[in-house]
1. For Phe74, are the conditions met, namely being under 20 Å from Leu293 (Cβ atoms) and in contact with a helix residue (DSSP H, G or I) (Cβ under 8 Å, 6 or more places away or on another chain)?
2. Would the range 278-294 turn up any residue that is without any contact (Cβ under 8 Å) to a residue 60 or more places away in the chain and either under 21 Å from the mean Cα position of the chain (by Cα) or over 30 Å from Arg437 (Cβ atoms) (or both)?
3. Would you check which residues across the range 216-234 are within 24 Å of Gly118 (Cα to Cα) and under 20 Å from the mean Cα position of the chain (by Cα) and list them?
4. Filter the range 248-276 down to residues that are under 14 Å from Thr189 (Cβ atoms) and in contact with a strand residue (DSSP E or B) (Cβ under 8 Å, 6 or more places away or on another chain), then give me how many there are.
5. Of the conditions (1) farther than 28 Å from Leu391 by Cα; (2) among the charged types (D, E, K, R); (3) assigned to a loop (DSSP other than H, G, I, E, B); (4) touching a Pro at 6+ places or on another chain (Cβ under 8 Å), Arg466 fails just one. Which one is it?
6. Does Gly439 satisfy the condition of being surrounded by fewer than 23 Cβ atoms within 10 Å (Cβ to Cβ) and touching a helix residue (DSSP H, G or I) at 6+ places or on another chain (Cβ under 7 Å)?
7. Could you look through the range 207-236, keep only residues that are of a type in the set (D, E, K, R) and not in a loop (DSSP other than H, G, I, E, B), and pick out the one that is surrounded by the fewest Cβ atoms within 10 Å (Cβ to Cβ)?
8. Test Thr108 against the stated conditions and say whether it is β-branched (Val, Ile, Thr) and free of Cβ contacts under 8 Å to residues at least 40 places away in the same chain.
Amino acid sequence: MKAVMVMFDSLNRHLLPPYGADWTHAPNFSRLAERTVTFDNCYAGSMPCMPARRELHTGRHNFLHRSWGPLEPFDDSMPELLKQHGVYTHLVSDHQHYWEDGGATYHTRYNSWEFFRGQEGDPWKGQVADPEPPRDLHSGRGEIWRQDWVNRQYLDTEAKQPQTLTFDAGLEFLRVNHAEDDWFVQIETFDPHEPFFTQEHYKDLYPHDYDGPHFDWPDYTKVTETEEQQAHARYEYAALLSMCDRSLGRVLDAMDEYGLWDDTLLIVCTDHGFLLGEKGWWAKVVQPWYNELVHTPLFVHDPRRPEAAGSRHDGLVQTIDLAPTLLEYFGVPPTPDMQGRPLGEALTSQLPRESALFGMFGGHVNITDGRYVYMRACHDDTNKPLYEHTLMPTHIRGRFSPEELSDIRLAEPFPFTKGVRTLRVEARTSPLLGPARFGTLLFDLETDPRQEHPLADDEVELRMLRLLVEQLRAGDAPDDQYERLGVPRDPAEVAEKDLLVTAQRERADAARLPAPRSDQFPEGRLNLRTPLVELLSAPAAVEAVRRLLPGFLDTELLTVRGGGSLLQLAAVTGHPAPDQLTALAEELARLYPAHAQEIPAP
């Protein structure tokens, strides 16, 4: 028995030809669909990157108990279980988060691993002098952006790209081991995650007239760019998608060359998608987890079911099903703590999954039954209580601070912690996150597949809320999640008094107001896109902010985004309000002649 997993990051289902896209160049995904089962209702579970990978290992949801972090001492790890049962496991990846504080326990679960450097600001190449990106660069600010431009100097050909090197290593493993038995190789690339950096021959697949700033890295914020800039960023994503398609084709060629279709399980998947301007947003995390982000592509070839090649399956499946699928394939029983089930079982079961739970720690808790999507927000603006439950207190790139750990408590064991008590640490959530700004949302995918018209229907909300509480109980959710969401612990106790869609409708409508656009503020002027650190270096601008935004300079909001701008801050926090921004924009435009030389162009 052999198995290959090809995993992409931020792969958009709706831009793949097997899912209806007619303008992207991805022939190998079409070729893949001819040899596999294409799953039409696959949903992510815990987001973003490392929470999704914890689900991949453990077969259970992560986001109810903890934010981004490593595997816990009590976690079951699918590749480690395979290793313990005599299956050789190998990871090849350019996903730099595996090698940071918040991911450092994942790759060591495999027998062996290879890592390739250079993705998204990976602290790889050392350079004291600042790099020289394009003068008209349209990007955010910060060290990760600087480091990325250092790295790009060393990635000037496709052969040097981390994605290429990752697939080279995966293909080498297949070449060396294709005649052996009992192995699993995970070929995982960070692409097409931002930045959308690739070579010109992929960009040439999407010819278009563009004379705007260099723009291949949207920030996590509302869309404020011109239509031309938005379209260009989408083409940049598509170019990287086409590079991913070529890499996929190399794996399919190897499957053909070595005759692996007869005895090898193949899974092609992703962790989540990426908003490319849909609903007026870029990226993920700071907005609700819309279907563009969580309704994910999934392709599976099981050599035990050759008759299924080219078919489609519309039952609800999730990321948590991948670990049980691989364990079942190799004859290894899943652990009692796993919530997922083998995908083969989903294909033949008369009892399909009734609902799928998904979300991010501290955000909406979401549920879908395949038709409706219910996004439950916190019941008040505080988004509290909210606690991290962990024995591995690290964030993405750092440890929990002493201040965070100053008031820790020991929580009672959860059923999945194997009798072990966890640290209970009060979560320090950013104003950028949290669902209060959007309110509770309900969508009917049958009548509104793009989720553009939130529904207010008490009967449907009541049913979906009961499903959600059932999933909270099944996932051993901590007490603080019930309290934060304002829901009872027993589905039978859910009543009309617990409904929030109508009560929070005004807030949700306000969150969907269009953001001010960058073309309202000509390039070179002191404007709302100017980084705050530069904007507030002009005394007249400081005076204007103090007069038009009373109290703003005295709040903690200024520290939230570091080098961000007022426009970005407003887009994700709702403060300042749109009318205040408009007044401030007019004032800054009036001030421009006095500060054109003092303030550099954004």
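The values are calculated or read from the model by the stated rules, or taken from the named source; none is laboratory data. Since we're looking at a predicted model, the values are computed, not measured. Quick reminder, even Gly has a Cβ in these numbers, built from the backbone with ideal geometry, and neighbours come from all protein chains shown.
1. On the way: under 20 Å from Leu293 (Cβ atoms): no; in contact with a helix residue (DSSP H, G or I) (Cβ under 8 Å, 6 or more places away or on another chain): yes.
So Phe74 does not fit the description; no.
2. The initial filter retains those residues of the range 278-294 that are without any contact (Cβ under 8 Å) to a residue 60 or more places away in the chain, namely none.
Scanning the range 278-294, I find no residue that is without any contact (Cβ under 8 Å) to a residue 60 or more places away in the chain and either under 21 Å from the mean Cα position of the chain (by Cα) or over 30 Å from Arg437 (Cβ atoms) (or both), so the answer is no.
3. Filtering the range 216-234 for residues within 24 Å of Gly118 (Cα to Cα) gives 216-220, 232-234.
Asp216, Trp217, Pro218, Asp219, Tyr220, Ala233, Arg234 - these are the residues of the range 216-234 that are within 24 Å of Gly118 (Cα to Cα) and under 20 Å from the mean Cα position of the chain (by Cα).
4. Pass one, the range 248-276, residues under 14 Å from Thr189 (Cβ atoms): 248-251, 268-271.
Now drop any that are not in contact with a strand residue (DSSP E or B) (Cβ under 8 Å, 6 or more places away or on another chain), which leaves 248, 251, 268-271.
So the count comes out to 6.
5. Going through the list (1) farther than 28 Å from Leu391 by Cα; (2) among the charged types (D, E, K, R); (3) assigned to a loop (DSSP other than H, G, I, E, B); (4) touching a Pro at 6+ places or on another chain (Cβ under 8 Å), Arg466 breaks only (3).
6. Values: surrounded by fewer than 23 Cβ atoms within 10 Å (Cβ to Cβ): no; touching a helix residue (DSSP H, G or I) at 6+ places or on another chain (Cβ under 7 Å): yes.
When the stated conditions are applied, Gly439 does not pass them.
7. The first filter runs over the range 207-236 and keeps only residues of a type in the set (D, E, K, R), leaving 209, 211, 216, 219, 222, 225, 227-228, 234, 236.
Still in the running and not in a loop (DSSP other than H, G, I, E, B): 222, 227-228, 234, 236.
On the way: Lys222: 25, Glu227: 11, Glu228: 14, Arg234: 21, Glu236: 26.
Per the criteria, the residue is Glu227.
8. Numbers: β-branched (Val, Ile, Thr): yes; free of Cβ contacts under 8 Å to residues at least 40 places away in the same chain: yes.
Against the criterion (β-branched (Val, Ile, Thr) and free of Cβ contacts under 8 Å to residues at least 40 places away in the same chain), Thr108 qualifies.
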